[in-house]
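Notes follow once the structure below has been shown.
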Amino acid sequence: MTSDRPFYRAIGPDSFHRGDYHIESVQRSDAEEIRKWRNEQISVLRQGKPLTEEEQSAYFGELIRLDFPMSQPEKILVRFLYKDYLIGYGGIVHIDWHNLRGEVSFLLETSRTVHHAKYKDELFTFFELIKVVAFEALKLNKLTCEAYAHRQYHVEAIELAGFTREGILRQQTKINGAWIDAVVSSCLRSEYLNPRKLL
């Protein structure tokens, strides 16, 4: 279904659906809710300080004005909805169009991160949808993901979503005074097209 809302030229106006969940191009109206989540969950992000309303508004304005019209933007951010209710956002960032690869980002509404089993289900759903965007709409060859090791349930959810662990970046970030490793994983287009059969 199409609408009058702005969208990334690279993926078109349609939504990508899986059951009651879907993703589509992020909207300027999402900016404040996302800013709130990012500031509440700053310890799991590559974000040095809380975002202000002005910074977030300016970022989203530039995103829509500059990135949406591009056929090969550096990043594609999407809103994650459950029954048309915004529950998260993420996308594909640091896109390398020459080598056809990008990095998955994902952030769920703060209250939904508490219940780890449900979190795993919703991360899995988001990753299944973002793989459709990456491998079908954008024709990328590889998606990567970096997750901090202190959130073991998050790392497990990524691997359950079909991402293979490539290695560990030791002491990659400092959180609450402690050095934390980052787990790097990836999914290839060939694995998406021919998923391994579960035993």
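Determine, yes or no, whether Phe126 is of a type in the set (Phe, Trp, Tyr), in contact (Cβ under 8 Å) with a residue 40 or more places away in the chain and farther than 23 Å from Ile42 by Cβ. Taking the combined requirement at face value, the residue does not satisfy it. Applying the criterion of being among the polar types (S, T, N, Q) and assigned to a loop (DSSP other than H, G, I, E, B) to the residues of the stretch 32-70, the residue that is farthest from Val104 (Cα to Cα) is Thr52. Identify, from the list Phe16, Phe68, Phe7, Phe106, the residue that is surrounded by 12 or more Cβ atoms within 10 Å (Cβ to Cβ), out of contact with any helix residue (DSSP H, G or I) (no Cβ under 8 Å at 6 or more places or on another chain) and within 19 Å of Val132 (Cβ to Cβ). None of the other options fit; the residue is Phe7. Condition (residue is out of contact with any strand residue (DSSP E or B) (no Cβ under 7 Å at 6 or more places or on another chain) and on the phi > 0 side of the Ramachandran plot) applied to the stretch 133-147: is it met by at least one residue? Yes - at least one qualifying residue is present in the stretch 133-147.
To keep it simple, each residue is scored yes or no on (1) modelled with pLDDT of 95 or more; (2) in contact with an Asp or Glu (Cβ under 7 Å, 6 or more places away or on another chain); (3) under 21 Å from Val183 (Cβ atoms).
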{"site": "Ile42", "(1), (2), (3)": "no, no, yes"}
{"site": "Ile95", "(1), (2), (3)": "yes, yes, no"}
{"site": "Leu107", "(1), (2), (3)": "no, no, yes"}
{"site": "Ala117", "(1), (2), (3)": "no, no, yes"}
{"site": "Ile130", "(1), (2), (3)": "yes, no, yes"}
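Take Ala157 and tell me if it is farther than 19 Å from Ser25 by Cα, part of a helix (DSSP H, G or I) and hydrophobic (A, V, I, L, M, F, W, C). For Ala157, the condition - farther than 19 Å from Ser25 by Cα, part of a helix (DSSP H, G or I) and hydrophobic (A, V, I, L, M, F, W, C) - is met. Check whether at least one residue in the stretch 175-182 is part of a loop (DSSP other than H, G, I, E, B) and modelled with pLDDT under 95, and report yes or no. Yes, the conditions are met somewhere in the stretch 175-182.
The set of residues in the stretch 123-154 being surrounded by fewer than 19 Cβ atoms within 10 Å (Cβ to Cβ) and assigned to a helix (DSSP H, G or I) consists of Phe124, Glu128, Val132, Glu136, Ala137, Gln152, Tyr153. Scanning the stretch 71-89 for residues that are charged (D, E, K, R), surrounded by 15 or more Cβ atoms within 10 Å (Cβ to Cβ) and in a loop (DSSP other than H, G, I, E, B) returns a single hit, Lys75.
Conditions tested, residue by residue: (1) of a type outside the set (S, T, N, Q); (2) out of contact with any Phe, Trp or Tyr (no Cβ under 8 Å at 6 or more places or on another chain); (3) farther than 21 Å from Ile92 by Cα.
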| residue | (1), (2), (3) |
| --- | --- |
| Glu159 | yes, yes, no |
| Leu169 | yes, yes, no |
| Asn176 | no, yes, yes |
| Asp181 | yes, no, yes |
| Ser186 | no, no, no |
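Put simply, of Leu160, Leu138, Leu193, Leu143 the only residue that is in contact (Cβ under 8 Å) with a residue 60 or more places away in the chain and not polar (S, T, N, Q) is Leu138.
The values are calculated or read from the model by the stated rules, or taken from the named source; none is laboratory data. From a predicted model like this one, the values you see are computed outputs, not experimental measurements. Heads up, the Cβs are rebuilt from the backbone with ideal geometry, glycines too, and the neighbour counts pull from every protein chain shown.
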